[in-house]
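Colleague: What follows is a structure written as structure tokens; I'll ask about it next.
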């Protein structure tokens, strides 16, 4: 018998363009999805989009200009990533601002500080327009200054960097325009009265003092806030609360309270609070606001998951577009209308798949992290995306795309990245922070001592891991504390 080689069937995975499109839509953040929908609606007349007016922070239906549910929600956080320590050091602000690199985020409470006033509690009250910041500043200055000061105003605004700081000195502008220095200083003072507060400052200290001065007209600030900014900003950045308290002859708790006030009420980079309508993707992304994709509420039968996108958008295919009059005699037009209708149906299917997947993943995560939602960060259990994928019968990559760049609003009003549900180190960091806060002022604990104390609580970590966690929380070493 003669043996002949026979081909063996092989299974190969072919990735279609439709699969890539569906995966891409699943991976988009809320802002990216909004732009994607607007673009698709512009390019495809067969797609109909009906948008319900909902609060983009809490998901509640808007009544008038705001949602009543937002009064219990905290601040929101600019997504523009703050500069790295290296880039901050180049501008002389790294050491001073290190513990305030997320000005809205209160790590001690694992969430956002509560808003004091009704306006601050309303995210819509601070949704920026699409008008460029520079153009808006010049329009306001035009109303404040005589026409002959316009060139000075243009040079000042034109030399603001992306953080909102003035990059050159007033003396340089004075020499370049051949005008008295007093005129430049006067125009700069007018610029610094505009919003966002702190715009036009020449350094971090001046930026914070401008904002504090404006807050003083509305409320009584913490009595130590101005002193800390004027005299101890560098030490505050190194968390040297005990040394500051000793020099001021006050308690360490008062210094910490003043530091918390500065962190929650003042912003290091004023331009980041304004949404720029720039054609540059980098500049646009650096001034956008984080908003939740998933809202977790406490219902009658436990925790419930709600998607803001699902309440906000309703998609359909234009019926008149699918079979317009007068195109049956033109095969090319008929083919074009059919293609556009198919494209609209495919886009709608991708969006609905995104919603189904994101909701399924969120429901499994909420079920697994129920103790965390009820009792706090200490009860965050170890959870991986692979576990969620196995529970849902999905690929791990699908779960990763569904949770990437997504945020969840917790029942207590805290806004967190979805990735925090999979970060088991957060509970350990909370315990580590508590141990450091309870240490004796006369004897600060080393990382090795912190490791031993964690081991006594059943948490076994290497010393270098303790050091890593401490640095990630922005807490200095025993010598720096």
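Colleague: Kindly establish whether residue 277 is at pLDDT 85 or above and either buried (at least 19 other Cβ atoms within 10 Å of the Cβ) or within 29 Å of the chain's Cα centre (by Cα) (or both).
Modeller: Taking the combined requirement at face value, the residue does not satisfy it.
Colleague: Evaluate the following for residue 462: is it loosely packed, with under 13 Cβ neighbours inside 10 Å and touching a helix residue (DSSP H, G or I) at 6+ places or on another chain (Cβ under 8 Å)?
Modeller: Numbers: loosely packed, with under 13 Cβ neighbours inside 10 Å: yes; touching a helix residue (DSSP H, G or I) at 6+ places or on another chain (Cβ under 8 Å): yes.
So residue 462 passes the test.
Colleague: Just checking, which of 199, 210 is in contact with a helix residue (DSSP H, G or I) (Cβ under 9 Å, 6 or more places away or on another chain) and not in a helix (DSSP H, G or I)?
Modeller: 199
Colleague: Follow-up. Does segment 234-249 contain any residue that is assigned to a loop (DSSP other than H, G, I, E, B) and at pLDDT 90 or above?
Modeller: Checked against the condition, which is being assigned to a loop (DSSP other than H, G, I, E, B) and at pLDDT 90 or above, segment 234-249 yields at least one hit.
Colleague: Is it the case that segment 413-424 has a residue that's farther than 30 Å from residue 479 by Cβ, in contact with a helix residue (DSSP H, G or I) (Cβ under 7 Å, 6 or more places away or on another chain) and in a loop (DSSP other than H, G, I, E, B)? Step through it out loud before you land on a result.
Modeller: If we filter segment 413-424 for residues that are farther than 30 Å from residue 479 by Cβ, which is where we start, we get 413-422.
Narrowing further to those that are in contact with a helix residue (DSSP H, G or I) (Cβ under 7 Å, 6 or more places away or on another chain): 413, 418-422.
Now drop any that are not in a loop (DSSP other than H, G, I, E, B), which leaves 413.
Yes, segment 413-424 contains at least one residue that is farther than 30 Å from residue 479 by Cβ, in contact with a helix residue (DSSP H, G or I) (Cβ under 7 Å, 6 or more places away or on another chain) and in a loop (DSSP other than H, G, I, E, B).
Colleague: Does residue 401 count as out of contact with any strand residue (DSSP E or B) (no Cβ under 7 Å at 6 or more places or on another chain), in the same structural domain as residue 362 (by TED's automatic domain parsing) and assigned to a helix (DSSP H, G or I)?
Modeller: On the way: out of contact with any strand residue (DSSP E or B) (no Cβ under 7 Å at 6 or more places or on another chain): yes; in the same structural domain as residue 362 (by TED's automatic domain parsing): yes; assigned to a helix (DSSP H, G or I): yes.
Judged against the criteria, residue 401 is a match.
Colleague: Give the residues of segment 226-239 that are buried (at least 17 other Cβ atoms within 10 Å of the Cβ) and in contact (Cβ under 8 Å) with a residue 40 or more places away in the chain, sorted by residue number. Write out each step before concluding.
Modeller: So in segment 226-239, the residues buried (at least 17 other Cβ atoms within 10 Å of the Cβ) come out as 226, 228-229, 232-233, 235-239.
Within segment 226-239, 233, 236, 237, 238, 239 qualify.
Colleague: Scan segment 162-192 for residues that are in contact (Cβ under 8 Å) with a residue 40 or more places away in the chain and in a loop (DSSP other than H, G, I, E, B) and jot them down.
Modeller: Once the filter is applied, which keeps residues that are in contact (Cβ under 8 Å) with a residue 40 or more places away in the chain and in a loop (DSSP other than H, G, I, E, B), segment 162-192 yields 162, 163, 164, 165.
Colleague: I need the full set of residues from segment 354-389 which are over 17 Å from residue 304 (Cα atoms), touching a helix residue (DSSP H, G or I) at 6+ places or on another chain (Cβ under 6 Å) and assigned to a helix (DSSP H, G or I), in order please.
Modeller: 354, 377, 378, 379, 385, 386, 388, 389
The values are calculated or read from the model by the stated rules, or taken from the named source; none is laboratory data. The model shown is predicted, which means the values in this text are computed figures rather than measured ones. FYI the Cβ positions are ideal-geometry reconstructions off the backbone, even for glycines, and counts take in every protein chain you see.
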